[in-house]
Each structure stands twice: as structure tokens, then as C-alpha cells.
1. Test each condition in (1) crowded, with 19+ Cβ neighbours inside 10 Å; (2) part of a loop (DSSP other than H, G, I, E, B); (3) charged (D, E, K, R) for residue 157 and report the one that comes out false.
2. Quick one: which strands (runs of 3 or more DSSP E) lie wholly within the stretch 161-228 and hold at least 2 residues that are more than 11 Å from the ligand (Cβ to nearest atom)?
3. Taking the stretch 76-116 only, how many residues are at pLDDT below 95, touching a helix residue (DSSP H, G or I) at 6+ places or on another chain (Cβ under 6 Å) and more than 20 Å from residue 186 (Cβ to Cβ)?
4. Enumerate the strands (runs of 3 or more DSSP E) found wholly within the stretch 42-143, keeping only those where 2 or more residues are surrounded by fewer than 21 Cβ atoms within 10 Å (Cβ to Cβ) and in contact (Cβ under 8 Å) with a residue 24 or more places away in the chain.
Amino acid sequence: MKAGTNGKRMIVFSLKTATQLLANFILTLALTGSAYADSASWQGVVLAVLEGDTILVSRDGKKERIQLYGIDCPERGQDFGQVAKNYAEQRLAGRTIDVEPAGTSRRDRNVALVFLDEELFNLELVRVGLAWVRMQSCTMPDCKGWREVQKGAKRRRAGVWSDLNPVPPWEYKRSTASKKGVYSGNILTHVFHATSCEEFDCNNCIAVFHGRDAAIKAGYTPCDLCKP
Ligand SMILES: [Zn+2]
């Protein structure tokens with residue numbers, strides 16, 4: 001009987017310890033501003049290509065959704081949307097890649113430079129004309145060079161540039177969303193935006209609301225900038 005009592009105590013004790021450890025861990029995260037601060041390059045295997053610029057990578061057995069830094073592939077409903085996805089699939093699926101986090105804040109810690117055989121895949125997509133360099137998010141010094149690569153693709157009329165005036169994916173997204181009365185919600189801050197807002201397609205703005213009321217009902221607050 002005594003042994004049983006002791007055993008119970010042991011369990012209570014270890015639960016307490018575990019809770020304490022978890023609390024400490026959360027506190028550490030809060031103080032250091034997350035794991036982002038010390039995130040260095042890592043290697044992983046590409047499990048799936050969701051879009052040309054969005055992939056699912058296995059990192060130590062865990063799945064991570066990675067957004068390719070600084071670029072934007074044509075949307076699914078656009079010309080070359082499927083081509084871009086297929087291209088990325090052929091190049092990356094099942095391959096081991098190097099991932100270098102490149103997001104500028106804790107919010108976009110899943111934004112990264114992706115290297116395949118030591119070549120930067122983000123830039124490869126631009127070179128073959130299957131991605132735009134996104135001025136708004138491509139802010140590191142190298143981006144100047146990336147835009148030159150894009151000009152080259154344009155001159156060769158590669159991929160999307162076979163059309164002289166292709167619609168950039170961010171404009172396409174906005175125009176289809178505003179037609180439908182769609183608002184986007186930031187899943188971390190619970191703020192929602194109209195299509196006219198520069199924050200409309202921020203990295204965490206992935207909640208979609210049809211109509212303003214739906215956003216309010218879901219507990220989201222209107223953005224101070226776009227005042228939806
Ligand atoms: Zn806004």
C-alpha cells in the first residue's frame with residue numbers, strides 16, 4: 001500500500017516538474033522574442049509543393065510550411081500558376097534542401113531562402129520567369145540583383161513574360177477578393193483588413209472573411225489603417 005502511495009506522489013511530483021518546465025520554456029520564449037532570434041540555417045526534405053512559392057518541408061520529423069522569401073508566383077487561377085507549381089514540384093519534391101530563415105520579424109519566421117544543390121531556388125524561379133520579385137517584401141541588398149535577373153527573364157519572354165503585360169499575383173489576388181467582398185484577418189493579431197490595405201496579404205493574414213460582419217463575429221477588430 002505504501003509503495004502505491006509513493007508511486008502516486010511520484011507522479012504528482014513529476015507532473016508538477018513538467019508544468020514548471022513548460023512554464024519556464026514559455027517564459028523564455030516571451031523574453032527572448034521567440035525561437036526566431038536564434039534560428040539558423042537548417043536542412044530538410046521537401047514533402048510537398050503547395051504553390052510554386054510555398055512548400056512543406058520535413059525538419060527533424062516535423063512538418064514546416066515554408067514561404068519562399070521575396071518572390072511571388074502566379075496564383076492558381078492565373079496563367080502559369082499551375083506551371084510554376086509543377087516546376088517547383090519537379091525540382092524540389094523529395095529533395096534535401098537548405099533553408100535559411102529570412103523573415104524580418106518573429107511573425108514571418110517561416111519565410112526563407114531555399115537552396116537546392118547550393119543554388120538559390122527563390123532566384124531560379126525568377127530566372128525562369130515563374131515568379132515576380134516582390135518589391136514590398138524583398139528588402140535585402142541582393143534584391144537589386146534579383147530585379148536584374150527578372151529583367152533578363154522579361155527580355156527573353158520566359159514564363160509569365162510571354163505575355164507582355166502579365167498581372168502581378170498580388171494585384172490579381174486583390175481584384176478577385178474585392179469583387180467578392182472579401183476581407184483578410186491576421187491570425188496572430190486578430191485584426192482584419194480590406195483589399196485596399198497594404199497589410200491585406202501579410203504573412204499571417206490568412207483568415208478569409210466574406211463580408212465585414214463575418215470578421216467582427218469571429219472576434220476580429222478592424223485595422224486602424226484601412227478602416228474596413
Ligand atoms: Zn488594414
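1. (1)
2. 207-210
3. Summing the residues that are at pLDDT below 95, touching a helix residue (DSSP H, G or I) at 6+ places or on another chain (Cβ under 6 Å) and more than 20 Å from residue 186 (Cβ to Cβ) in the stretch 76-116 gives 1.
4. 42-51, 62-68, 96-101, 111-116
The values are calculated or read from the model by the stated rules, or taken from the named source; none is laboratory data. Model, not experiment: these values are computed from the prediction. All Cβ positions, glycine included, derive from the backbone under ideal geometry; neighbour counts span all protein chains shown.
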